[in-house]
Amino acid sequence: MNDNDKKFQVLSNALAEADELEFFKSIFDLIQQARRSLERSVNTAMTVTYYEIGRRIIEKEQQGEKRAQYGKRILQGLSDYLTANIGRGYSAENLRLMRKFYLTYISDEISKSSILKFNPNISWTHYIQLMRIENEDERRFYELEIAGNSWSVKEFQRQFDTSLYERLALSRDKNKVRELSEKGQIIESPQDLFKDPYVLEFTGLPEKSSYTETELEQKLIDHLQQFLLELGKGFAFMGRQVRFTFEEESFYVDLVFYNRLLRCFVLIDLKIGRLKHIDMGQMQTYVNYYDRRVKLPDENPTIGIVLCKDKKDAMVEMMLPEENNQIFAGRYQMVLPSKEQLKKALEIEDDL
């Protein structure tokens, strides 16, 4: 066999191996897809079962004595029986959660006048957390977001802990607040992307410290997945310190993203201290350049967000055009917001 024949044989073997590898991968993907489908089916079946267990517990209690001790005896007796015949997972505390699950969602079943359906993307562990939310509108909002974004329990817990619902509600007019519980977060306009404040506790930076803008930027890049979750739906990272040159002068945009839902670039500039007039002017330059030199004709106008430690809303309003829908100034904080303070702020806005 000459050298050419050997090279041909090596190439043929490589192609055969690549073809086999692609075949192996397709079978693997098929199995994984089936497993995920089975997992969702099992998850839905168990959720419906827990709801039914809760319903039967309530009905049994209502038929019995009107005393708390009777309910405790029923739960403990049922727990002992199921544990002996099935195994772990049916403690009196878990049965109490199933009872609460039914009481929490029975109003939904009545209002729909049909069999209550649970989303397969919402697990029982999700529902345990959801049941702790007393505000029905807020709870419904998180249900929609968990189902629509396939949030893990950890991701949901982080969004709840950072008061996503309250922050979005404070960033919208009263007519759109109700939509949060009816449709979830709908991204139709630049304003829909915006929240105030942005919570960056995942960076690990203290609330009061002498860190620089460069250090903050690096921390956001180090925790890019968490930052994308905080930014919201449809964001894709494009670059950091993105340079463009105009009239022989170079400019650098701290962070550049693209939002697939709005089909536009989103530019973010980081400011450590209080927002200044020059900061908004600088962002206007960035936005204008991207609109005129970078974006494609069929893409939507660029959005610019200046993230600062502190800002005066009246000053920001005066800096921007009345019909502004491209440039926003948002505050960021390094600690989780107080839910009570945000709820009070929402109540004040409702009164106004």
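Which one is nearest to R331 (Cα to Cα) among residues in region 244-280 that are of a type in the set (V, I, T) and in contact (Cβ under 8 Å) with a residue 60 or more places away in the chain?
Among those residues, the one meeting the criterion is I272.
Here is a list: L170, L220. Which entry is touching a residue at least 24 places away in the same chain (Cβ under 8 Å), in contact with an Asp or Glu (Cβ under 7 Å, 6 or more places away or on another chain) and not polar (S, T, N, Q)?
Selected residue: L170, the only one of L170, L220 that is touching a residue at least 24 places away in the same chain (Cβ under 8 Å), in contact with an Asp or Glu (Cβ under 7 Å, 6 or more places away or on another chain) and not polar (S, T, N, Q).
Here is a yes/no grid of residues against (1) over 30 Å from F160 (Cβ atoms); (2) of a type in the set (G, A, S); (3) part of a loop (DSSP other than H, G, I, E, B):
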| site | (1), (2), (3) |
| --- | --- |
| T245 | yes, no, no |
| V256 | no, no, no |
| R293 | yes, no, no |
| E299 | yes, no, yes |
| V306 | no, no, no |
| R331 | no, no, no |
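With (1) in a strand (DSSP E or B); (2) over 28 Å from the mean Cα position of the chain (by Cα) as the list, and G281 as the residue in question, which single condition is left unmet?
(1)
Consider only pairs whose beta carbons are under 8 Å apart and that are at least six residues apart or on different chains; among these, list those whose first residue lies in region 33-58 and is without any contact (Cβ under 8 Å) to a residue 60 or more places away in the chain and surrounded by 12 or more Cβ atoms within 10 Å (Cβ to Cβ) and whose second residue is outside any helix (DSSP H, G or I) and acidic (D, E).
If the second residue must be outside any helix (DSSP H, G or I) and acidic (D, E), no pairs are left.
How do the pairs read when you match residues in region 132-145 that are without any contact (Cβ under 8 Å) to a residue 60 or more places away in the chain with residues anywhere that are not in a helix (DSSP H, G or I), using Cβ under 6 Å and keeping only pairs 6 or more apart or on different chains?
Sorted first by the residue in region 132-145, then by its partner, the pairs are R139/I133; L144/G184; E145/G184.
Can you find, within region 279-316, the residue that is surrounded by the most Cβ atoms within 10 Å (Cβ to Cβ) among those that are of a type in the set (S, T, N, Q) and closer than 16 Å to L193 by Cβ?
T302
Could you look through region 173-195, keep only residues that are buried (at least 18 other Cβ atoms within 10 Å of the Cβ) and within 17 Å of L342 (Cβ to Cβ), and pick out the one that is modelled with the lowest pLDDT?
V177
Just for region 201-214: of the residues that are within 20 Å of L336 (Cα to Cα) and either assigned to a helix (DSSP H, G or I) or not small (G, A, S) (or both), which one is modelled with the lowest pLDDT?
Ranking the qualifying residues of region 201-214, first place goes to K208.
Counting only residues that are under 26 Å from M98 (Cβ atoms) and in contact with a helix residue (DSSP H, G or I) (Cβ under 7 Å, 6 or more places away or on another chain), give me the helices (runs of 4 or more DSSP H) lying completely in region 114-197 with at least 3 of them.
Details: elements: 124-130, 136-149, 153-161, 164-170, 174-183, 190-193.
Because the criterion is at least 3 residues that are under 26 Å from M98 (Cβ atoms) and in contact with a helix residue (DSSP H, G or I) (Cβ under 7 Å, 6 or more places away or on another chain), the helices (runs of 4 or more DSSP H) in region 114-197 that meet it are 124-130, 136-149, 153-161.
For T203, indicate whether it is under 18 Å from the mean Cα position of the chain (by Cα) and of a type in the set (S, T, N, Q). Spell out how you get there, then give the answer.
Details: under 18 Å from the mean Cα position of the chain (by Cα): yes; of a type in the set (S, T, N, Q): yes.
It is true that T203 is under 18 Å from the mean Cα position of the chain (by Cα) and of a type in the set (S, T, N, Q).
The values are calculated or read from the model by the stated rules, or taken from the named source; none is laboratory data. These numbers come from a predicted model, not from an experiment. Using ideal geometry, Cβ is built from the backbone for each residue, glycine included, and neighbour counts are taken over all protein chains shown.
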